[in-house]
Amino acid sequence: MGIPVQSTPPDTRTTYIIDQLEGERVSIPGSKGTFRILASSKQTNGGIAVFSSGAVLSDAPGFHWHADAHDVFLVTKGFLKLWNGDKCRIMGPGDFAYVPPTVIHNPELLGPHSEMLGLVAPGDWIDFFRYIGEPYNGLIVPETDSRNLVSLLIPKLMAAKDRFDVHFERDYTPPAVGNWLDTENTLPPQLEPYFLRANTGPKWMLGGVMSRPFINASQCADKFAISSIESSGKYPGAKEVSPFGRWVTFPAVDHCFCVQEGLLRVRLMSEDGVNDVREGQTIVISAGQAFSLEFASRYVRAITFTNGAGIEHLIHTAGEPYANAVLPEEAPAFDEEKLRTVCGELGVMIEA
């Protein structure tokens, strides 16, 4: 019986796959864009909501901030203009930004067709999209929706101004667009807004598996973590050089793998069979579920979203820093004793 492939997330905290461009699809009238909710409170115990979004050139929603919610922006296609605190950057594919609570921000998708992966924490914040939006049943994005965004939104925003953690700043003077800085290639301390240039930042290897973290749980008060997880099925003895070829269980952390390139094969201890997760698909693995991963093509890359320190933290703490830009030609060995010690410290269960 395999993991079910669904068009929308289920109503419970369980393991499931969402197909390409699917999810709970919501469009804000006049925005010419679509939010595709991949996971939210019911699937992550309230911790996070994960979504993909796409739009053609359209107006930005306006400068605003959140008292408690955290925002992230990871561009996968096209370009995004993002005001984030005292900086503004034009972001392209692979660029990332983190907006902590109380920081004024405003995203503008520049088109001609842009796509992003996003996360908000806590997960209930996604109800704001549901409130101001409407179900979208079209193909990709509603490019011809020419309704006036502002006139449609203002009545709803006024009616619900105390219901959602969204605070607009009408008289805000934003910073000008700036060039990317050489310093925007590192991860800063906790709760600081930042931009991270594509393919920069720290990298860690645990055997034949690499993690490129966009944000660690330690930077956002342990709310979530996001990383690029990469490996290859062409390594000799690929299953042996990956510690995730055996059963691993994170008792309290849910994992959302958005596959960007290649083929990821996932097995669950509780079920027979293999589940192929391909480019564009997303798999959500619920906390407490024992799973194994097989990187089943020459190059596999998945963006992981977790509601706490998850697979990326295990790679970091049990692995070694990695300095080069892409996967090594040969998978380095990993320290089995160190892996087991770290798993014990983190409360992660891993098969012998």
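Out of contact with any Ser or Thr (no Cβ under 9 Å at 6 or more places or on another chain), closer than 24 Å to Ala49 by Cα and surrounded by fewer than 21 Cβ atoms within 10 Å (Cβ to Cβ): which single residue out of Gly288, Gly280 fits that description?
Unique residue meeting the criteria: Gly280.
Working only within the range 90-119, note down all residues that are surrounded by fewer than 18 Cβ atoms within 10 Å (Cβ to Cβ) and either of a type in the set (Lys, Arg) or part of a strand (DSSP E or B) (or both).
Matches in the range 90-119: Ile90 only.
Which condition number in (1) modelled with pLDDT of 95 or more; (2) within 20 Å of the chain's Cα centre (by Cα) is the one that Ile104 fails?
(2)
Residue by residue, here is whether (1) free of Cβ contacts under 8 Å to residues at least 24 places away in the same chain; (2) more than 16 Å from the chain's Cα centre (by Cα); (3) within 23 Å of Gln219 (Cα to Cα); (4) surrounded by fewer than 18 Cβ atoms within 10 Å (Cβ to Cβ) holds:
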| residue | (1), (2), (3), (4) |
| --- | --- |
| Ser58 | no, yes, no, no |
| Gly62 | no, yes, no, yes |
| Phe73 | no, no, yes, no |
| Trp83 | no, yes, yes, no |
| Cys88 | no, yes, yes, no |
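Within the range 196-215, can you find the residues that are in contact with a helix residue (DSSP H, G or I) (Cβ under 6 Å, 6 or more places away or on another chain) and within 13 Å of Ile226 (Cα to Cα)?
Ser211, Pro213
Looking only at strands (runs of 3 or more DSSP E) that fall completely inside the range 4-51, which ones have 2 or more residues that are closer than 18 Å to Asp276 by Cβ?
16-18
Can you list the strands (runs of 3 or more DSSP E) lying wholly within the range 256-313 that have 1 or more residues being among the aromatic types (Phe, Trp, Tyr) and either outside the structural domain of Gly47 (by TED's automatic domain parsing) or in contact (Cβ under 8 Å) with a residue 24 or more places away in the chain (or both)?
291-295, 300-306
The values are calculated or read from the model by the stated rules, or taken from the named source; none is laboratory data. Please read all numbers here as calculations on a predicted model, not as lab measurements. When we count neighbours, we look across all protein chains shown, and the Cβ atoms used for this are built from the backbone with ideal geometry, even at glycine.
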